[in-house]
């Protein structure tokens, strides 16, 4: 029972940072690879092509 | 707990981004600059005069290449955050996460983020015809998301139903097809476009394998600090 409670609480404490890290990662990729704002697009232009993101 | 995610992802992403940025500078950037000579009209494919396949290319540009390096590091940090999050989920299900098993995670990441979308939407050299960028981005995210779920099911699924769903998710985006241009207006020679796609995927593969290994290593190392 103690083991079960412990593993359940580990799962819960891990779930929030896991979801947060995943969302942060997706946001970062959207920013560097996908947002079409002109300044961002120009700065990231070569990387977007070289990484295979749809660029323009 | 959160610091373990962020710290290991930052270390792995920044180190990998640095390596990937240098590989891109050496192997991809010259092909891109060559293509831009055709995109800008400075060189003309099938014009009146035959064009040398080895024109003088612009050299190192501190601002342009510096920005590329920063954005590559940011991009791979984003990948690393997603990677360690997935690794954490797998570890809870009993998977062993370290630098060695990270190599396989890297291969899987390459398949999800590079190979799966590139199978139908090949890495584009500047100056090629392409459909609306918004539509292509939606297709890109859908394909990457489907591939991510599919590989998870292949790796951690325990039933034929799961594996069957994985195959469907891998095939569906390509059977449905990506947004395509109405007509081809590309000015860049196919030799350059093909080399560009191959180089982009090759560098992506190397970078992802390195990223997976680094992420596994730092994820394990940060555990000691908890």
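Can you tell which of B:108, B:99, B:122, B:116 is assigned by TED's automatic domain parsing to the domain that holds residue B:207, in contact with a helix residue (DSSP H, G or I) (Cβ under 6 Å, 6 or more places away or on another chain) and crowded, with 24+ Cβ neighbours inside 10 Å?
Details: B:108 fails: crowded, with 24+ Cβ neighbours inside 10 Å; B:99 fails: crowded, with 24+ Cβ neighbours inside 10 Å; B:122 fails: crowded, with 24+ Cβ neighbours inside 10 Å.
Answer to the check: B:116.
Which members of the range B:60-75 meet the condition of being surrounded by 20 or more Cβ atoms within 10 Å (Cβ to Cβ) and more than 7 Å from every other protein chain (Cβ to nearest Cβ)?
Passing the criteria: only B:73.
Just a yes or no: is a residue in the range B:38-57 part of a helix (DSSP H, G or I) and either loosely packed, with under 14 Cβ neighbours inside 10 Å or assigned by TED's automatic domain parsing to the domain that holds residue B:219 (or both)? Working first, answer last.
Our first condition is that a residue be part of a helix (DSSP H, G or I); within the range B:38-57, this holds for B:38-39.
Next, from what is left, pick out any that are either loosely packed, with under 14 Cβ neighbours inside 10 Å or assigned by TED's automatic domain parsing to the domain that holds residue B:219 (or both): B:38-39.
Yes, there is a match, as at least one residue in the range B:38-57 is part of a helix (DSSP H, G or I) and either loosely packed, with under 14 Cβ neighbours inside 10 Å or assigned by TED's automatic domain parsing to the domain that holds residue B:219 (or both).
Suppose the filter is more than 15 Å from residue B:204 (Cβ to Cβ) and assigned to a helix (DSSP H, G or I); does residue B:33 pass it?
On the way: more than 15 Å from residue B:204 (Cβ to Cβ): yes; assigned to a helix (DSSP H, G or I): yes.
Considered against the rule, which asks whether it is more than 15 Å from residue B:204 (Cβ to Cβ) and assigned to a helix (DSSP H, G or I), residue B:33 comes out as yes.
Of all residues in the range A:25-45, count the ones that are within 7 Å of another protein chain (Cβ to nearest Cβ) and either more than 30 Å from residue B:87 (Cα to Cα) or not in a helix (DSSP H, G or I) (or both).
Result for the range A:25-45: 3.
Out of all the residues in the range B:112-129, is one or more more than 25 Å from residue B:26 (Cα to Cα), within 14 Å of chain A (Cβ to nearest Cβ), more than 12 Å from the chain's Cα centre (by Cα) and in contact (Cβ under 8 Å) with a residue 24 or more places away in the chain? Lay out the reasoning, then the answer.
The initial filter retains those residues of the range B:112-129 that are more than 25 Å from residue B:26 (Cα to Cα), namely B:120, B:129.
Narrowing the set further to residues that are within 14 Å of chain A (Cβ to nearest Cβ) leaves B:120, B:129.
When the remaining residues are screened for being more than 12 Å from the chain's Cα centre (by Cα), the result is B:120, B:129.
With in contact (Cβ under 8 Å) with a residue 24 or more places away in the chain added as a condition, the list becomes B:120, B:129.
Scanning the range B:112-129 turns up at least one residue that is more than 25 Å from residue B:26 (Cα to Cα), within 14 Å of chain A (Cβ to nearest Cβ), more than 12 Å from the chain's Cα centre (by Cα) and in contact (Cβ under 8 Å) with a residue 24 or more places away in the chain.
Considering the range B:76-96 alone, what residues qualify as being over 22 Å from residue B:147 (Cβ atoms) and buried (at least 24 other Cβ atoms within 10 Å of the Cβ)?
Within the range B:76-96, none qualify.
Go through the range B:185-226 residue by residue and tally those that are free of Cβ contacts under 8 Å to residues at least 40 places away in the same chain and not in a helix (DSSP H, G or I). Please lay out each step first, then the result.
Applying the first criterion (free of Cβ contacts under 8 Å to residues at least 40 places away in the same chain) to the range B:185-226 yields B:190, B:194, B:198, B:224.
Next, only the ones that are not in a helix (DSSP H, G or I) stay: B:224.
Total satisfying the criteria: 1.
For the range B:76-105, give me the residue count where each residue is farther than 22 Å from residue B:141 by Cβ and more than 7 Å from chain A (Cβ to nearest Cβ).
Step one: filter the range B:76-105 for residues farther than 22 Å from residue B:141 by Cβ, giving B:88, B:90-104.
Adding the requirement that they be more than 7 Å from chain A (Cβ to nearest Cβ) leaves B:90-91, B:93-104.
Residues that pass the stated criteria total 14.
Tally the residues that are in contact with a helix residue (DSSP H, G or I) (Cβ under 8 Å, 6 or more places away or on another chain) and free of Cβ contacts under 8 Å to residues at least 40 places away in the same chain, restricting the search to the range B:130-146. Show your work before the answer.
Applying the first criterion (in contact with a helix residue (DSSP H, G or I) (Cβ under 8 Å, 6 or more places away or on another chain)) to the range B:130-146 yields B:130, B:139-140, B:142-144, B:146.
Subsequent filtering for residues that are free of Cβ contacts under 8 Å to residues at least 40 places away in the same chain retains B:140, B:142-144, B:146.
Going through the range B:130-146 one residue at a time, the tally reaches 5.
Would you check which residues across the range B:130-142 are closer than 30 Å to residue B:216 by Cβ and either away from every other protein chain (no Cβ under 11 Å) or not in a helix (DSSP H, G or I) (or both) and list them?
B:142
For the range B:160-211, enumerate the residues that are within 20 Å of residue B:106 (Cβ to Cβ) and away from every other protein chain (no Cβ under 14 Å).
Quick first cut of the range B:160-211, residues within 20 Å of residue B:106 (Cβ to Cβ) only: B:166, B:170, B:198-211.
Those that are within 20 Å of residue B:106 (Cβ to Cβ) and away from every other protein chain (no Cβ under 14 Å): B:166, B:170, B:209, B:210.
What pairs come up if the first residue lies in the range B:170-182 and is under 11 Å from residue B:147 (Cβ atoms), the second is exposed (fewer than 12 other Cβ atoms within 10 Å of the Cβ), and their beta carbons are under 9 Å apart, counting only those six or more places apart or on different chains?
none
The values are calculated or read from the model by the stated rules, or taken from the named source; none is laboratory data. Quick caveat: nothing in here was measured; it's all calculated off a predicted structure. Using ideal geometry, Cβ is built from the backbone for each residue, glycine included, and neighbour counts are taken over all protein chains shown.
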